[in-house]
Amino acid sequence: MMAKLDFGWAVRGGSADAGGGTRVTLTHQQIADLVAPSGSIIACDPLEATGTVPFAIPVPPGRYPVLLCIAHFVAQADQRVAASIVQFGHRPPIRWELAVGRELAGRTLPAGERFGYGVDSGLGCFMDSVAAQAFMALQDTDDDCLEELGEKLEETHVPTWGWATVVADVTSGANVVCFHAGWGDGFYSSYLGLDETGGIACLLTDFGIVRT
């Protein structure tokens with residue numbers, strides 16, 4: 001029997017099991033608003049955005065707060081981004097489902113497979129599809145684009161994570177909200193948190209720090 005998805009720890013905070021007998025303290029930090037002019041949201045490694053597609057279920061265009069759930073390893077004096085969250089409403093999520101790309105809408109994934117994205121730069125992000133197109137074009141035409149992103153990450157850095165936001169499309173204000181991903185490189189899935197009405201309360205990417 002498949003275990004029930006539960007990412008309540010990321011929403012509630014408090015403490016959680018990180019495996020190996022280690023407990024972590026969870027706190028939240030709101031880092032930026034995600035500007036989504038189309039409502040088609042993408043989660044990916046911002047330096048590997050080519051070919052990425054939006055999630056199957058769009059949200060209304062708008063501005064949405066992005067929060068990071070930070071896991072504090074007190075004994076090791078270490079901090080890691082355990083989850084990144086885009087909030088779409090004020091009702092709390094009561095159930096969760098895997099967020100899949102629109103090309104998989106209505107399809108069942110083969111047993112043992114899951115939808116997600118690979119990280120090779122140590123970073124994850126959220127962005128609207130408008131920002132994705134503009135950001136990829138910016139990387140092709142502006143040699144300083146990625147250097148500026150690195151500088152912004154350094155401005156917010158604490159051991160061992162940071163975040164940055166880059167306006168990719170000046171006309172709409174569509175931006176890329178970046179953050180360090182858990183332990184770094186890996187494969188990470190995102191999930192829709194649904195409220196009591198079935199509406200989308202949030203979108204969450206789990207970075208594998210907390211045992212669920």
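The values are calculated or read from the model by the stated rules, or taken from the named source; none is laboratory data. Note that the structure is a prediction, hence the values are computed from the model and not measured. In this analysis, Cβ positions are derived from the backbone assuming ideal geometry, glycine residues included, and neighbour counts consider all displayed protein chains. Just the protein is used for accessible areas: all its heavy atoms, side chains included, with ligands, DNA and RNA removed. Shrake-Rupley method; radii C 1.70, N 1.55, O 1.52, S 1.80 Å.
Out of Gly20, Gly51, Gly13, Gly62, one residue alone is over 16 Å from the mean Cα position of the chain (by Cα) and within 22 Å of Leu104 (Cα to Cα). It is Gly51. Every test in (1) farther than 23 Å from Leu194 by Cβ; (2) assigned to a loop (DSSP other than H, G, I, E, B); (3) free of Cβ contacts under 8 Å to residues at least 60 places away in the same chain; (4) not aliphatic (A, V, I, L, M) is passed by Ser121 save one, and that test is (3). Just so you know, in the stretch 177-191 the residues that are under 11 Å from the mean Cα position of the chain (by Cα) and assigned to a strand (DSSP E or B) include one that is nearest to Ala32 (Cα to Cα), and it is Val177. Of all residues in the stretch 37-58, none are touching an Asp or Glu at 6+ places or on another chain (Cβ under 9 Å), in contact (Cβ under 8 Å) with a residue 12 or more places away in the chain, buried (at least 19 other Cβ atoms within 10 Å of the Cβ) and aromatic (Phe, Trp, Tyr).
Remark: pairs (first residue in the stretch 9-23, under 19 Å from Tyr191 (Cβ atoms); second residue open to solvent by less than 60 Å² (accessible area, probe 1.4 Å) and in a helix (DSSP H, G or I); Cβ separation under 9 Å; 6+ apart in sequence or on different chains) = Ala16/Trp9; Ala16/Ala10; Asp17/Trp9. Set side by side, the residues Asp120, Asp206, Asp142 differ, and just one is under 30 Å from Gln76 (Cα atoms) and out of contact with any strand residue (DSSP E or B) (no Cβ under 9 Å at 6 or more places or on another chain), which is Asp120. The residue that is farthest from Pro93 (Cα to Cα), counting only those in the stretch 8-43 that are of a type in the set (S, T, N, Q) and part of a strand (DSSP E or B), is Thr25. In the set Glu103, Glu154, only one residue is in a helix (DSSP H, G or I), at pLDDT 90 or above and among the acidic types (Asp, Glu); that residue is Glu154. Going by the conditions given, is Leu5 part of a loop (DSSP other than H, G, I, E, B) and either open to solvent by 30 Å² or more (accessible area, probe 1.4 Å) or among the charged types (D, E, K, R) (or both)? Against the criterion (part of a loop (DSSP other than H, G, I, E, B) and either open to solvent by 30 Å² or more (accessible area, probe 1.4 Å) or among the charged types (D, E, K, R) (or both)), Leu5 qualifies.
Screening Thr165, Thr171, Thr197 for residues that are over 30 Å from Ala75 (Cα atoms), open to solvent by 20 Å² or more (accessible area, probe 1.4 Å), touching a strand residue (DSSP E or B) at 6+ places or on another chain (Cβ under 9 Å) and modelled with pLDDT of 95 or more leaves exactly one candidate, Thr165.
Residue count for the stretch 63-78, restricted to those that are open to solvent by less than 80 Å² (accessible area, probe 1.4 Å), out of contact with any Asp or Glu (no Cβ under 9 Å at 6 or more places or on another chain) and either under 15 Å from Phe179 (Cα atoms) or among the small types (Gly, Ala, Ser) (or both): 4.
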